[in-house]
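Visitor: Attaching a single structure in structure tokens format; questions to follow.
The values are calculated or read from the model by the stated rules, or taken from the named source; none is laboratory data. In this text, all values refer to a predicted model and were calculated from it rather than measured experimentally. Heads up, the Cβs are rebuilt from the backbone with ideal geometry, glycines too, and the neighbour counts pull from every protein chain shown.
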Amino acid sequence: MKTISKVLPAVCAGLLLTAHAGAQGAGGGFNSQPAAPQPAAPAGNAPASGGSQQGSQSFLGKDMPSFDPGTEVFTWDGKNWNVNDNRLFQARFEKYLNAPEETSADDLHYQQIIQRILDDLAPGNATIARVDEAFSLLPKASGYQIDARLCDALADAVYSAWRSQDANDRLARANEGLADERKKTEWNAQMAAADNKMDAPPGGKSRDVTSQWAKNQQEKRDAGMAPYVQRLAEVNAVIKANELKKEVSAIQMKIEFQALIVQFFLQRRFQHVLMATRFYRAVFTDGDTQLRVSKEAKDLFASAGGMPPTVGTLDSLANEFIRDAHEGVDAYKFLLQQNELESATKRLAESFMVGEYLPELRTLPREQKRKALEFTQKTDQLISAIDVKDYTLAEKIVHQLEVTAKDFDNSKPMAAVETAKTVSAMHIAKAKNAAVSGDRTTLEEELKAATEIWPRNPALAEVSGMIFSQADVQQKALLDFDQLLSQRNYRQIYDDKIRFIAAAALDPVRRDQLKKVLDNMEIIEGAIIRATEISKQGDAAGAWESVEKAFAQFPDDNKLNQVRADLTTQAADFVRTLRTAEQLEQKEQVGSSLAWYLKAQKIYPRSDYAQEGIARLVKKILPET
């Protein structure tokens, strides 16, 4: 068997097919670049985008998924991204890190039932009585929330297979009866042929008379045998039809059962995979375990697992993933004790991606998971600080991470911080020289360059005194700033921030006003960028809600209003439904408003507005809760 990283595409396909890009992922460590599709990296079986293999290797009509363990780059449908830099994965992972451990009595009882089913179906134990016992336990396991009614689906598949086999047994018994009838009919035909022996031909030499006599004798014989010959043909046709029905029914039930096993595998429900494969062997005892899937799916399993796609293949892969997840959790606990949070978080993220629903991960204490969450949040904050070029905050976070995680690699972030500081200082030095020599053009260019590299550089206040030594220039900038501020034209202030930063550097009041404007505009710009990225992923409702939250704070920004208007059109159904719910809530029509909020939540399940509205109305309806 190949290593687990080689078969990872088959497991992750169900989760990552719709995620084409996302924010920085949990447990990914520091990455100075924003999360985006990365350049294609050579993978073991990944076809080059647009290459000659595109026509021959496909999965669900797209390029075959592939994973390069060296770069952690996942390739599918001509796109490449790091599996840890995925917004969907990040959201699921953070939800898991905040969830309580599943160690209640119900959780333990559920795992006991699953283990009992697996024990009953284990090789050497799968007697008829134990198979029946395992089948009777499936509805009990399905009653627990974590099972998601998957055991019901497995029970339905087993029951349908048994019913199909009962029908095949009836067809077999019918064929036995038909075979007996065929023998009797054949015997009767032979007797009829013996009773109708032709007499000797009449005397005479006329050939016509002799020929007519022979013809009459043959017709007489055929007439006597005709009923038996006809019945024999009918019986043979029915036997053949019954045999064909048996074969088609058996193949169809195998295909349906195998489809359920593959579904469990792609959902990463590996315990259910093991139960399903063992039930499969107990139900279908002919030894045929070959997966009847499309050629593309066969190629995927063969290239990823290095073996032909069979029920045994899925069984062995499921066992391997369970082992790998268990090993990853053990490694996480050990690294946590060693205060190596960066490696520990990566190991936990890898284990979660492989076996999200395995008991090893579900029973991990929340206190231990929160340590990984805190490290992840710090690394995300560090990336955000460097993205907005707040190098003072970035350096502070780096020092904090060095204390909390002794294996944290500070080389990349500190290189970014030190480089920015050095280059900004060089531009400021050139700006000072230009101010002394009166070269206003060079002065403005160098100041602009220094501000773009490090907008909040404290040295900018010092150089601004030299830049605006001429009172008319500084006064003009301050007058423009006051005028734009009174007009609430914050967008223009932001666009011309370089001039105003230098002008207000020596004026504490205006400096604070400018700082507030720039901080607010950074929030607006961040909301616009975030909404744009979410919209590119096809989530118009999520993008609109992101912009709507910023609009509630800053309703006067023209660019924000334009983006909001565009997204309102794209998510018209969701916005209209949410607005209707809000209007009905204002009119105190609680029932109707709640129905519209639920409808909005159905359109966009992750809507904060819909969830908050539902919570408010539920509190009105049931105040004691």
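Visitor: Step by step: first the residues of the stretch 609-625, then only those that are among the aliphatic types (A, V, I, L, M) and more than 19 Å from E548 (Cα to Cα), then the one that is surrounded by the fewest Cβ atoms within 10 Å (Cβ to Cβ). Which residue is that?
Guide: We begin by selecting, within the stretch 609-625, every residue among the aliphatic types (A, V, I, L, M); these are 610, 614-615, 617-618, 621-622.
So of that shortlist, the ones also more than 19 Å from E548 (Cα to Cα) come out as 615, 617-618, 621-622.
Values: A615: 11, L617: 20, V618: 14, I621: 11, L622: 8.
Per the stated criteria, the residue is L622.
Visitor: Search the stretch 328-343 for residues being within 22 Å of R268 (Cα to Cα) and either at pLDDT below 90 or among the small types (G, A, S) (or both), and hand back the single one that is surrounded by the most Cβ atoms within 10 Å (Cβ to Cβ).
Guide: Checking each candidate, the answer is G328.
Visitor: Filter the stretch 108-128 down to residues that are within 28 Å of the chain's Cα centre (by Cα) and modelled with pLDDT under 90, then give me how many there are.
Guide: 0
Visitor: Continuing with the same structure: For the stretch 376-395, give me each residue that is within 30 Å of K333 (Cβ to Cβ) and either over 25 Å from the mean Cα position of the chain (by Cα) or without any contact (Cβ under 8 Å) to a residue 40 or more places away in the chain (or both). Working first, answer last.
Guide: Initially, the stretch 376-395 is screened for residues within 30 Å of K333 (Cβ to Cβ), giving 376-384.
Hits for the stretch 376-395 are Q377, K378, Q381, L382, S384.
Visitor: Looking at the stretch 576-608 only, could you name the residues that are surrounded by 19 or more Cβ atoms within 10 Å (Cβ to Cβ) and assigned to a helix (DSSP H, G or I)?
Guide: Of everything in the stretch 576-608, those that are surrounded by 19 or more Cβ atoms within 10 Å (Cβ to Cβ) and assigned to a helix (DSSP H, G or I) turn out to be T577, L578, A581, L584, E585, S593, L594, W596, Y597, A600, Q601.
Visitor: Please work out if S424 is among the small types (G, A, S), in a helix (DSSP H, G or I) and either surrounded by fewer than 21 Cβ atoms within 10 Å (Cβ to Cβ) or modelled with pLDDT of 75 or more (or both). Steps first, answer last, please.
Guide: Values: among the small types (G, A, S): yes; in a helix (DSSP H, G or I): yes; either surrounded by fewer than 21 Cβ atoms within 10 Å (Cβ to Cβ) or modelled with pLDDT of 75 or more (or both): yes.
Taking the combined requirement at face value, the residue satisfies it.
Visitor: Then there's this: Please determine, by comparing only the residues of the stretch 349-384 that are in contact with a helix residue (DSSP H, G or I) (Cβ under 6 Å, 6 or more places away or on another chain) and assigned to a loop (DSSP other than H, G, I, E, B), which one is surrounded by the fewest Cβ atoms within 10 Å (Cβ to Cβ).
Guide: If we take residues in the stretch 349-384 being in contact with a helix residue (DSSP H, G or I) (Cβ under 6 Å, 6 or more places away or on another chain) and assigned to a loop (DSSP other than H, G, I, E, B), then L358 is surrounded by the fewest Cβ atoms within 10 Å (Cβ to Cβ).
Visitor: Kindly indicate which of D512, D519 is over 24 Å from V563 (Cβ atoms) and either outside the structural domain of Y609 (by TED's automatic domain parsing) or among the acidic types (D, E) (or both).
Guide: Values: D519 fails: over 24 Å from V563 (Cβ atoms).
Exactly one of D512, D519 is over 24 Å from V563 (Cβ atoms) and either outside the structural domain of Y609 (by TED's automatic domain parsing) or among the acidic types (D, E) (or both), namely D512.
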